[in-house]
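Enquirer: The structure's right below; bear with me while I get my questions together.
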Amino acid sequence: EAGVTQFPSHSVIEKGQTVTLRCDPISGHDNLYWYRRVMGKEIKFLLHFVKESKQDESGMPNNRFLAERTGGTYSTLKVQPAELEDSGVYFCASSQLAGPQHFGDGTRLSIL
Amino acid sequence: AQKITQTQPGMFVQEKEAVTLDCTYDTSDQSYGLFWYKQPSSGEMIFLIYQGSYDEQNATEGRYSLNFQKARKSANLVISASQLGDSAMYFCAMREGGSGDSNYQLIWGAGTKLIIKP
């Protein structure tokens, strides 16, 4: 079975621009998560979808971040406008119910 | 307060030796889950092993085992007969609440960088 896929693998943009990250979960996994690791810090939870609904978005840092999962399949995470402190690696994961979360390779986002 | 503590930022281990990676956690929940993930230099995050707070036996998956000491709130990962391919970052993570709850977010430790020497 195909794993979690994330696109792009790397993105370099200038401060103030917009970037959209995409995540395709494992087929059949209703639960989809976004996490972020900022350089030198721990991995932090951003939000959790169950199908197309946001179950928990307590980790979203501010309203410059918008996550969607229309149709309950793939998800996008948009950062608009990007700031320097948004640089880091953004991971997506999916799971069946409360089982182990399977991660994608991450998107490395650099804001210049 | 730190919920997941990994006290070893880095470790060097000789190939074929066993290695223990430390993880302590802090929670007031009675029901929780503990996870270990491996992140090689290529960047992907690989699930290794899971221990539920009510599991009486320590979890094992091949060469990986989890030394779960509930009273001490520790969940150390043991890798037996280490291999060069085990060199990676290792993260301990916790999910508070049981599988029947809706809160599935993982809380992460800072990670331990393990290097296996030939």
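The values are calculated or read from the model by the stated rules, or taken from the named source; none is laboratory data. Predicted, not measured: the structure shown is a model, and the values here were computed from it. Please note: Cβ atoms are built from the backbone with ideal geometry, for glycine as well, and neighbour counts cover all protein chains shown. Side chains are part of the model used for accessible areas, which takes the heavy atoms of the whole protein and leaves out ligands, DNA and RNA. Shrake-Rupley method; radii C 1.70, N 1.55, O 1.52, S 1.80 Å.
Enquirer: Straight distance only, please: which aspartates and glutamates reach the Cα of residue A:15 with their own Cα at less than 18 Å, same-chain residues fewer than 8 apart left out?
Expert: A:83, A:85, A:86
Enquirer: On to the next question. Looking at chain B as a GNM with Cα springs under 10 Å, which of B:44, B:96, B:15 has the largest mean-square fluctuation?
Expert: Among B:44, B:96, B:15, the largest mean-square fluctuation in the Gaussian network model of chain B belongs to B:44.
Enquirer: As a test question: what accessible area, to the nearest 10 Å², does residue A:12 have when a 1.4 Å probe is rolled over all protein chains in place?
Expert: Per-residue accessible area (residue A:12): approximately 100 Å².
Enquirer: Computed from the mean reciprocal separation of all distinct C-alpha pairs, what Kirkwood hydrodynamic radius does the stretch A:30-79 have, in Å? It would help to have the intermediate numbers written out before the result.
Expert: Numbers: mean 1/r = 0.0893 Å⁻¹.
Radius from the Kirkwood sum: 11.2 Å.
Enquirer: Based on alpha-carbon positions alone, could you give the equivalent ellipsoid semi-axes of the stretch A:1-49 from the gyration tensor, as √(5λ), descending, whole Å? Before the final figure, lay out the partial values.
Expert: Numbers: eigenvalues 101, 46, 22 Å².
Working from the Cα gyration tensor, I get semi-axes of 22, 15, 11 Å.
Enquirer: Under unit Cβ charges (Lys, Arg +1; Asp, Glu -1), what dipole magnitude, rounded to 20 debye, does the protein assembly as shown have relative to its Cα centre? Provide the component values of the computation, followed by the final result.
Expert: Values: 22 positive and 25 negative charges, 84 e Å.
Computed about the Cα centre, the dipole is about 400 debye.
Enquirer: Next question. Take peptide A:90-97, look around each residue's Cβ out to 10 angstrom, count Cβ atoms belonging to other protein chains, and average those counts.
Expert: On the way: counts 0, 4, 0, 5, 0, 2, 0, 3.
Counting other chains' Cβ atoms within 10 Å and averaging over A:90-97 gives 2.
Enquirer: Something else: Can you send over the solvent-accessible area of residue A:44, 1.4 Å probe, protein chains only, in Å² to the nearest 10?
Expert: Surface open to solvent at residue A:44 totals about 120 Å².
Enquirer: Also: For the stretch A:5-112, what is Rg from Cα atoms divided by 2.2 N^0.38 Å, rounded to two decimals? Before the final figure, lay out each step's value.
Expert: Details: Rg = 12.9 Å, N = 108, 2.2 N^0.38 = 13.0 Å.
It is 0.99.
Enquirer: How long, wide and thick is chain B, going by the Cα atoms along their three principal axes, in whole angstroms, largest first?
Expert: 44, 27, 22
Enquirer: Return the carbon/sulfur percentage of the accessible area of chain B, one whole number, probe 1.4 Å, all protein chains in place.
Expert: Numbers: 2690 of 5610 Å².
Carbon and sulfur together cover 48 percent of it.
Enquirer: A further question on this structure: Please give the Cα centre distance for the stretch A:61-90 versus the stretch A:4-52, rounded to the nearest Å.
Expert: About 7 Å separates the Cα centre of the stretch A:61-90 from the one of the stretch A:4-52.
Enquirer: My understanding is that a pair violates if its Cα-Cα distance is over 20 Å; which of A:54/B:38; B:3/B:70; B:38/B:113; B:3/B:117; A:44/B:38; A:54/A:78 do that in this structure? All intermediate terms of the calculation are to be shown ahead of the outcome.
Expert: Details: A:54/B:38 28 Å; B:3/B:70 15 Å; B:38/B:113 10 Å; B:3/B:117 31 Å; A:44/B:38 16 Å; A:54/A:78 15 Å.
Over 20 Å apart, Cα to Cα: A:54/B:38; B:3/B:117.
Enquirer: Go through A:105, A:86, A:56, B:26 and list them by solvent-accessible area, largest first, probe radius 1.4 Å.
Expert: On the way: A:105 100, A:86 0, A:56 30, B:26 70 Å².
Largest accessible area first, the list is A:105, B:26, A:56, A:86.
Enquirer: If I stretch the segment between residue A:27 and residue A:12 completely, what's the gain in nm (0.36 nm per residue apart, minus their alpha carbon distance), one decimal? Provide the component values of the computation, followed by the final result.
Expert: Working: separation 15, 0.36 × 15 = 5.40 nm, distance 2.92 nm.
Additional length available on full extension: 2.5 nm.
Enquirer: Ordering A:29, A:10 by how much accessible area each has at a 1.4 Å probe, largest first, what is the list?
Expert: Details: A:29 20, A:10 120 Å².
Ranking A:29, A:10 by accessible area, largest first, yields A:10, A:29.
Enquirer: So what is the accessible area of the stretch B:1-53 per residue, in Å², with the probe set to 1.4 Å? Present the calculation step by step, with values, prior to reporting the outcome.
Expert: On the way: 2520 Å² over 53 residues.
Heavy-atom SASA per residue in the stretch B:1-53 reads 47 Å².
Enquirer: Using only the Cα atoms of the protein assembly as shown, what are the Rg and Dmax in Å?
Expert: Spelled out, the Cα radius of gyration and Dmax of the protein assembly as shown are 17.6, 52 Å.
Enquirer: Looking only at the protein assembly as shown, where both bridge partners belong to it, what percent of the DSSP beta bridges are antiparallel (to the nearest 5)?
Expert: Working: 67 of 76 bridges.
Approximately 90 percent, going by the DSSP bridge assignments.
Enquirer: From the convex hull of the Cα coordinates of the stretch B:7-69, what is the mean projected area in square nanometres?
Expert: Details: hull surface 22.1 nm².
For the Cα atoms of the stretch B:7-69, the hull's average projected area reads 5.5 nm².
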